[in-house]
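These notes concern the structure reproduced below.
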Amino acid sequence: MTGRSDVPRWIALPALVGLALLALPLAGLVLRVEWGDFLGLVTSESSRAALGLSLRTAAVSTVLCLLLGVPLSLSLARSSGHWSSVVRAVVLVPLVLPPVVGGIALLATFGRRGWLGQHLEAFGVEIAFTTVAVVLAQTFVSLPFLVITLEGALRAADPGYADVAATLGAAPGRVLGRVTLPLVAPGLVAGTVLSFARALGEFGATVTFAGSLQGVTRALPTEIYLQREVDPDAAAALAFLLVAVAVVVIAVVHRPGRSPW
């Protein structure tokens, strides 16, 4: 585990402790699941409704992340001025905020009494505590994952190919679609998958901004939280289902032999 000459042997002990701290709770969850009733627990009406809503909203929020995050990543990667540092800081804020704070911020903006939501309501548009609110909350927390991943890939890519294409007369849009994006495709795929996974697992911002109405705003993490009080076995089974999705995501992003970053 520590065969390199610049890694002292004693490093292995705290490394193993850190690994155990991460792995043991996952093992505990696996041991907690009632495997004999697993299918019944994860296919109940409320579980299926929550899982279906989570998959649909996470897919929509991932599309939004692509539509908004790719241009934002390009702007940040191709800029070095003071404004880009400010924008990057804004992009990173959702990564360090407690999700419930993000939900309160969304509610203060798009809620019925929010500074923007009250004007939208005058036109009959309500966002808070609707399915749209779930999508916005998921996009708010997952967009930074796509932006920072793709920006890093763009900065690492060789700009010479794009310069040659432009010299040969290719329009900027053609250079972007035929040269730049294919060069950073691994980073784009990694950011997209991570954004989807983050959206699928979002809880705090969603429950604060969208509430918990079955079939409308009750996503899978919220269902797990509610089941924890009334049916711990169902909560453990659904939690394992989310962990399994996370493992699949990690397997896709971190394939052996290459780094998506």
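The values are calculated or read from the model by the stated rules, or taken from the named source; none is laboratory data. Given the structure is predicted, the values throughout are model-derived calculations rather than measurements. Neighbour counts run over all protein chains shown; Cβ positions are idealised from the backbone, glycine included.
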Query raised in the report: Out of (1) at pLDDT below 90; (2) out of contact with any Lys or Arg (no Cβ under 7 Å at 6 or more places or on another chain), the odd one out for P144 is which?
Result: (1)
**Report entry** Residue check, V175 surrounded by fewer than 20 Cβ atoms within 10 Å (Cβ to Cβ) and in a helix (DSSP H, G or I)
**Finding:** yes
**Report entry** Residues (closer than 23 Å to F140 by Cα and touching an Asp or Glu at 6+ places or on another chain (Cβ under 6 Å)) located in segment 8-63
**Finding:** A50
Requested in this report: Select from segment 178-195 the residues that are crowded, with 24+ Cβ neighbours inside 10 Å and within 26 Å of L53 (Cβ to Cβ) and list them in ascending order.
Outcome: A190, G191, S195
Query raised in the report: Take the residues of segment 216-259 that are at pLDDT 90 or above and of a type in the set (S, T, Y): which is nearest to A137 (Cα to Cα)?
Result: T217
Query raised in the report: Could you count how many residues in segment 52-85 are loosely packed, with under 13 Cβ neighbours inside 10 Å, assigned to a helix (DSSP H, G or I) and not hydrophobic (A, V, I, L, M, F, W, C)?
Result: 3
**Report entry** Cβ pairs under 7 Å, 6+ apart, first in segment 10-26 and without any contact (Cβ under 8 Å) to a residue 40 or more places away in the chain, second surrounded by 11 or more Cβ atoms within 10 Å (Cβ to Cβ)
**Finding:** I11/T2; A12/T2
